[in-house]
């Protein structure tokens, strides 16, 4: 019943409003409104959704059947048939016409009301409304919550099921959980000059200057106080204080969220991509000293180019100044984390011949870091383990290249020797070390000695740890092949294709995930994935194979996921973009 | 027990009007010779007769090659990951899915007999290698199995015999070979241990494999258990097995595992079994056949005279109701209940019998079954329990109580017990599926269910 009711409400939402083309949505809302969501063409979205290759794959794989039981499916199909019978249109077309004026959602904290306003073709909306009513009435009665009906003003009929109230006036459908909010909107529809409205909200007006709702599939504006006053930010800040990685990735966003008067979210969706842009106001003055490592002293730190060697699964590039981050850790983290950092600092300083790790070692790196993860490749004669781990590498730039090269080379060799001692004690394979010096670069690489015949090939054979120096570049890689790829590849050109530095935006962080190589490594590990599935579900092999192959095929329907953090002097944006395979239309 | 006539005991069971071959007897056979089956298979077993059923268990239920290949691929993946817990989960999976329940049940028996813990060995490759060895010989040649286990790297590591030098012979393996593996206490002396240990000097483990180091082997004359000479390790093992105490010892352990926990069978009662073992040159299958066809097995001396181990309890219920769930969780819970496969508690394995039950483990068993039955990951033949039971023509709680009793209880539930359980399930919830689950949980928590 709940899913069916939700669907019904969605259908109602999609229904159109021809009546008040003269009144803007924000003119209908009370001044105290704190969030609005605008969907310009819901019928088009529905069409895109229903015909999307990923959705079709989900349907073909039977996952839809697992989500919705037979009774719910029957109710939905009944509603679709009623709509088609009453409107004389295919149900998708009926909904498209009924919602041609858009769907708008709002939240008003003063009344704790959630509002949905739907506008479209008046004639079709009336028919769809009647269809939904005739479908909903018996269901509501059966559930013990019969549909109530009453007249408001000027012949407007209001309906109520439990706390959900809805009414229709000349092409506009209003649904809300708040009587006061519903009355306000209906009053505005009848007499638009009655009350001060949300249209006068200065922050909303400012947000629409930089981001146009009508240019996006859906567009959200929210008063940042909603987040600031409901412990949301405190919880986020607390999580950052306990998690070093989270702080490094997203710490810079917290201060801006705390100060920004609003947040906007723009969503774009079609067969090519699904994109979400979250934007807040941005001001260099809001950045405390402890987080200057994140944006740089001028609040305009730019991430280095994104590394995209062949077979890249994931790549991240970010502007971070690690030395001040390490040295200001007591201001960023809780005591237990700082205790760990202090211990690590002592150990690492000893490891680096007594040099101060935060000051001398991290200080010798220019701000910025690049991390790349690729599919792992093996030479024909190399031992290949049954479980394939991806290869990964970190790339940095040395400020004092000559001095640091010697230091890091010595540390790396010491570390390989240390690993050999540990491995010998535990019966694991030994590392062989090779040094290659050329005019172009210097490589110190290691490889595991092949196992004896009949012995299992352990997961260690995924790795051939390598350190490579080229000019002032430092490449620390899990495999020699990846280190050499990064040395030889034309990274700048590849990166430029994905560069998100556009206009006056500066990219602070850029993460990309590529589906093709990800699917490749999943295929290579298909056997262990099947095994895990069999054990976790007690499933037969055939069932497990079907599920894993479905997972891989779903990954292959996508192309890439990009996540970026970028800023101008006035705005800060966090963007997610999931790209689908271009040939999967 | 000492009053039982051995001739009667080991004669073939012939059903009579007073002791028919029925659902209860068939369920008893499957619980002991395997883990349990569903109602349909029980009905087919009754229709086929006891002799045919035993023959199937012993000879006709071999796993298809495709299933063996699947299991080999699964264990290879797990060995590659090095995850010891997953090895245990994979074995649980095999117990659930195998067509050859007797073979797997007997492999579990030998795992407790030649107990080796992954907690000490810490190597998935060697542990799986030993498991494959036990499975290969489980209902085959005991002599070959002992010879193989004597050179098994996991066993040698577990008993600290990976380095066994002639100047300092390690007595652990020699002691356990006689005390726990072949003869039992009282059938050897400390001098026998010292002499036998000399035979195994130079037996080492290198690169996860057995190696004979002739420089560390004591080639001198040894004297133990009546044998004398420059005996090698293999010859020593063969001599230990050839002593009269060996077949009696193995027969006693088989009877304790398959027939009854208590009392301990007398030598007189075991003599015919021991004789059969010797006659079969220690081929286990014939002795098992003698046990499962015997009057003793279907008598009051055997029925409900064992306590289910946690593995028997869980796998039995899962097989009985075609349950699918997250086996990694189940394996973890079994370990917490003291029955972590691949992780026996010590070199003696699991004591079994009454030691499975105390106030703490009884609660733990009930909690484990509750988690399993009510888990969101659990399905019954890929359905809800209610739908599964309806497919088996069980439409109400009264019918379900009888259904569960027939499948799982060595002592049938009395009508007043059923009524109490049904009333309790009805009181707990109004949801029909939840009522069936509640009833099932109550049935598997009562004392009758704990008996094998």
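No value in this document is a laboratory result; all are computed from the given coordinates. What you see is a predicted model, and the numbers here were worked out from it, not measured in a lab.
Key figures for this structure:
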| item | result |
| --- | --- |
| Nearest 10 degrees, 0 to 90: helix A:541-557 Cα axis against chain A principal axis | 80 |
| All Cα pairs of segment A:2-200, percent lying beyond 26 Å | 33 |
| Relative contact order computed over chain A (Cα-Cα under 8 Å; 6+ residues apart), in percent | 13 |
| Percent breakdown of C-alpha pair distances by 10 Å bin, ordered from the shortest bin, for segment A:259-301 | 24, 33, 27, 15, 1 |
| When the protein assembly as shown is reduced to its Cα atoms, the Kirkwood hydrodynamic radius in Å | 34.9 |
| For segment A:334-390, diffusion coefficient by Stokes-Einstein and Kirkwood Rh (Cα), 25 °C, 0.890 mPa s, µm²/s | 164 |
| Principal axis dimensions, segment B:287-381 - Cα atoms, whole angstrom, descending | 44, 35, 25 |
| Calculated P(r) tail over 24 Å for segment B:180-303, as whole % of Cα pairs | 43 |
| Rg and Dmax [Cα atoms of segment A:269-330; Å; Rg one decimal, Dmax integer] | 16.0, 47 |
| Radius of gyration, Dmax [segment B:381-423; alpha carbons; angstrom] | 10.9, 32 |
| Spherically averaged projected area of segment B:310-450 from its Cα convex hull (nm²) | 8.5 |
| Per-selection Kirkwood Rh - segment A:94-182 (Cα, Å, 1 d.p.) | 13.6 |
| Cα centroid separation - segment B:317-344 against segment A:122-167, whole Å | 53 |
| Angle in degrees between helix B:415-428 and the longest Cα principal axis of chain B, rounded to the nearest 10 | 80 |
| Distance histogram for segment A:136-253 (every C-alpha pair counted, 10 angstrom bins, percent rounded to whole numbers) | 10, 23, 27, 22, 14, 4, 0 |
| Segment A:346-481: Cα Rg divided by the 2.2 N^0.38 Å rule of thumb | 1.13 |
| Value of relative contact order over chain B, rounded to a whole percent, pairs C-alpha under 8 Å and six or more apart | 20 |
| Surface/4 estimate of mean projected area, convex hull on alpha-carbon atoms of chain A, nm² | 32.0 |
| Degrees separating the helix B:65-81 axis from the principal Cα axis of chain B, which is the longest one | 70 |
| Principal axis box of segment A:248-357, alpha-carbon based, largest edge first, Å | 56, 42, 27 |
| Inverse of mean 1/r across different Cα pairs in chain B, Kirkwood, Å | 23.2 |
